[in-house]
Amino acid sequence: MRYENVTKAVFLERPNRFVAKVSLNGEEEIVHVKNTGRCKELLIPGCEVWLTEPESKGRKTRYDLIGVRKSTGVLFNIDSQAPNQVVKEWLMGGHMKPYSKVVPEYTFGESRIDFYMEQMLPDGQILPSLMEVKGCTLEQDGIGYFPDAPTMRGVKHLRELIRAKQEGMEAYLAFVIQMDGVEEVRANVKTHREFGEVLEEAKACGVKVLFLCCHVVPEGFDIVKVHVAK
C-alpha cells in the first residue's frame, strides 16, 4: 500500500491521543495521529516523523501522522488503518490462498471481523474462513508485542474466532508487523493479561496465528514474509 503527499517533520509533543504538535519547515503544525495507542516508546520529542496530506474536505487538521523513526534508526508505520488495507491487497492478490471471495468488515456473531473469505476445494466444496487483523507497532529487543494498551475489543474478536473454528470454519489472527526486522509477535501480558490468555485458548482451538512481516518506507509498506505461530 502507498500514500500520496508524504512529508517529513519533527515531533514536538502529543497533547492527547488524537493530535500531535510537529515542526514542519520551521513552523509548528498540529496534526492528526492515526493511532490511538500509547506509542510512548516511539513518539519522543525531537524524533523524525512522516506526515501525509489527505486533502479531504471538512478536516480540522491538514496532515496525518503516519510514520516514526525510532532512535534505533528503524522506521515504524503507526497508521492503525493501514494493516487492513495491506492485508486486503495481499488477500485479493492471491498471496495466501486462491480465495474466490474476499469480503471486508464481515458481521459474525456480535462482532465485525476484518475479513471473510471463501476457498473452492478440489471436491467442489466451499471452505469459509475468517481473519482478524491486528497491527503491531510495539517492539522490544527485536520482538513485537500486542497490545500496547488494554483491548477488550481484541479479546472479543478472539472469542469470535474460537466460535468460528468450532463451527467448522477456518480462523486466522494476522499480526501485521509495521516495521522491518521483526518476525514474531507475542501477547503483551504485562499490559493486558486476558488478551494473552484468550490468545493461547484460541491457538489451542485451532485458530491459526500469522506473523505478516513487512518492509516499511515513508510512502507505505508491503508484506514480504509470513510466519505461522507454533
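Observations on the structure shown:
- Some residue of region 118-129 being surrounded by fewer than 19 Cβ atoms within 10 Å (Cβ to Cβ) and at positive phi: yes
- Residue check for residue 189: touching a residue at least 24 places away in the same chain (Cβ under 8 Å), outside any strand (DSSP E or B) and over 11 Å from residue 131 (Cβ atoms): no
- Verdict on residue 161 being aliphatic (A, V, I, L, M) and modelled with pLDDT under 95: no
- Among the residues listed as 154, 181, 196, the single one being of a type outside the set (Lys, Arg), closer than 22 Å to residue 76 by Cβ and in a helix (DSSP H, G or I): 154
- Of all residues making up region 79-133, the number that are touching a Ser or Thr at 6+ places or on another chain (Cβ under 9 Å) and outside any loop (DSSP other than H, G, I, E, B): 10
- Of 189, 207, 182, 217, all but one fail to be of a type outside the set (Asp, Glu) and in contact with a Lys or Arg (Cβ under 8 Å, 6 or more places away or on another chain); the exception is 207.
- Scanning region 3-17 for residues that are under 24 Å from residue 176 (Cα atoms) and modelled with pLDDT of 95 or more gives 3, 6, 7, 8.
The values are calculated or read from the model by the stated rules, or taken from the named source; none is laboratory data. Please read all numbers here as calculations on a predicted model, not as lab measurements. Ideal geometry is used to build each Cβ from the backbone, glycine not excepted, and the neighbour counts take in all protein chains shown.
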